[in-house]
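Here is the structure we will look at.
The values are calculated or read from the model by the stated rules, or taken from the named source; none is laboratory data. Small disclaimer: the values here were computed from a predicted structure and weren't measured. Counting neighbours? That spans all protein chains shown, and the Cβs are built from the backbone with ideal geometry, glycine included.
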Amino acid sequence: MINKLIPSALFILLSPFYQVAATSAQEIATPSSNFVNFKSARAFCKYAKQHKGTFVSCIPISNPNKTADLEVKIDGKKVTPNITVSHQGMYVYYTFDKDTVINVTVTNLETNKAIYDGAAEDKLGLKCGYNKCVPWVKGKG
């Protein structure tokens, strides 16, 4: 019972702090937060759909790094050009369109090097380390 309440409580407490991009982009400061309760992008998106509900696509980009912040640029979308994802934080691209894939460039701001340039898929997203990003599936990244 308590295991079911912890993710619910965390989502309610943390939801005002994660960043969201929808039809009009919003950038909200992301404090260090504990997204490790979600083992994959699909698990996060499923939970968000149950509790937020109105989006069509959900593309999270997780940054579990202990010190490095990331910069995310979404190609061809009218969103904030420089999205900063705080270390141990997450950025979520929500849309009401059927955007199943977006192209992103992710830069490690600690080293100032691009660590990913490619596609991020709906309900798969990315999990980024210091040197690379990989699809955010359970047990990988």
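Residue-by-condition table, conditions (1) modelled with pLDDT under 50; (2) in contact with a Cys (Cβ under 9 Å, 6 or more places away or on another chain); (3) under 18 Å from ALA119 (Cα atoms); (4) part of a helix (DSSP H, G or I):
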| residue | (1), (2), (3), (4) |
| --- | --- |
| PHE17 | yes, no, no, no |
| ILE28 | yes, no, no, no |
| SER33 | yes, no, no, no |
| ASN37 | no, no, no, no |
| THR54 | no, no, no, no |
| ILE61 | no, yes, yes, no |
| ASN65 | no, yes, no, no |
| GLU71 | no, no, yes, no |
| GLY76 | no, no, yes, no |
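Would you check which residues across the stretch 85-108 are touching an Asp or Glu at 6+ places or on another chain (Cβ under 6 Å) and surrounded by fewer than 18 Cβ atoms within 10 Å (Cβ to Cβ) and list them? Steps first, answer last, please.
From the stretch 85-108, those touching an Asp or Glu at 6+ places or on another chain (Cβ under 6 Å) are 86-87, 100-101, 103, 105, 107; that's our starting set.
The answer is HIS87, THR100, VAL101, ASN103, THR105.
With the condition kept exactly as written, say whether any residue in the stretch 65-74 is over 19 Å from TYR130 (Cα atoms), among the charged types (D, E, K, R) and under 16 Å from the mean Cα position of the chain (by Cα).
No: zero hits.
Looking only at the stretch 83-141, count how many residues are farther than 21 Å from TYR47 by Cα, part of a strand (DSSP E or B) and polar (S, T, N, Q).
Residues flagged as farther than 21 Å from TYR47 by Cα, part of a strand (DSSP E or B) and polar (S, T, N, Q) within the stretch 83-141 amount to 5.
Can you tell me which residue in the stretch 90-141 is farthest from the chain's Cα centre (by Cα), limited to those that are at positive phi and in contact (Cβ under 8 Å) with a residue 60 or more places away in the chain?
Among those residues, the one meeting the criterion is GLY139.
Are any residues in the stretch 87-141 out of contact with any Pro (no Cβ under 8 Å at 6 or more places or on another chain), at pLDDT 90 or above and among the small types (Gly, Ala, Ser), and if so, which ones?
Once the filter is applied, which keeps residues that are out of contact with any Pro (no Cβ under 8 Å at 6 or more places or on another chain), at pLDDT 90 or above and among the small types (Gly, Ala, Ser), the stretch 87-141 yields ALA114, GLY118, ALA119, ALA120.
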